[in-house]
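First the structure, in the form of structure tokens, and then the observations on it.
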Amino acid sequence: MLNSLTRLAIEANSVIALRMMKLMLGGKRAARREARLMVNEKIDTALKASRSLIGGASAEEIIAQYRRRVAANAKRLGKVRTAKKIRRRK
């Protein structure tokens, strides 16, 4: 469990960095959307983890759920956009 918890911490840290870049460079609308999405995801994931825990899930299973969400965020936030696409969105 310690290994997967350590991996979660490292992966989440990289997502935090990607998200901060998005908030700083994404423009007003994109930053608001990202902030809203972040809060909604945290609530949704916490509720899902709570339901799983009540249902008898192990700590490993809960950590795996969080890691899947973090991986999805890393993939979404890590997409490279060209300068042309960025200019169009502003």
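Read-outs throughout are calculated quantities, based only on the coordinates presented, and are distinct from any laboratory measurement. Since this is a predicted model, take the numbers as computed values, not measurements. Backbone-built Cβ (ideal geometry, glycine too); neighbour counts: all protein chains shown.
The alpha carbon gyration tensor of the chain gives principal lengths a ≥ b ≥ c with a/c of 1.5 or higher and a/b greater than b/c, which makes the shape prolate.
Comparing LYS42, LYS79, LYS28 in a Gaussian network model of the chain where C-alpha atoms under 10 Å apart are linked, the largest mean-square fluctuation is found at LYS79. Taking all Cα pairs closer than 8 Å and separated by 6 or more residues, the relative contact order of the chain comes to 46 percent. In the chain, the DSSP-assigned H stretches of four residues or longer account for a calculated mean residue ellipticity at 222 nm of -29500 deg cm²/dmol, using -39500 (n - 2.57) per stretch and the full residue count as denominator. Each of ASN73, VAL15, ALA30 was placed along the dipole of the chain (beta-carbon charges, centred on the mean Cα), and the one lying farthest toward the positive end is ALA30.
Pairs of Lys residues in the chain, spaced 8 or more positions apart or belonging to different chains, with C-alpha separations under 20 angstrom: 13 in total.
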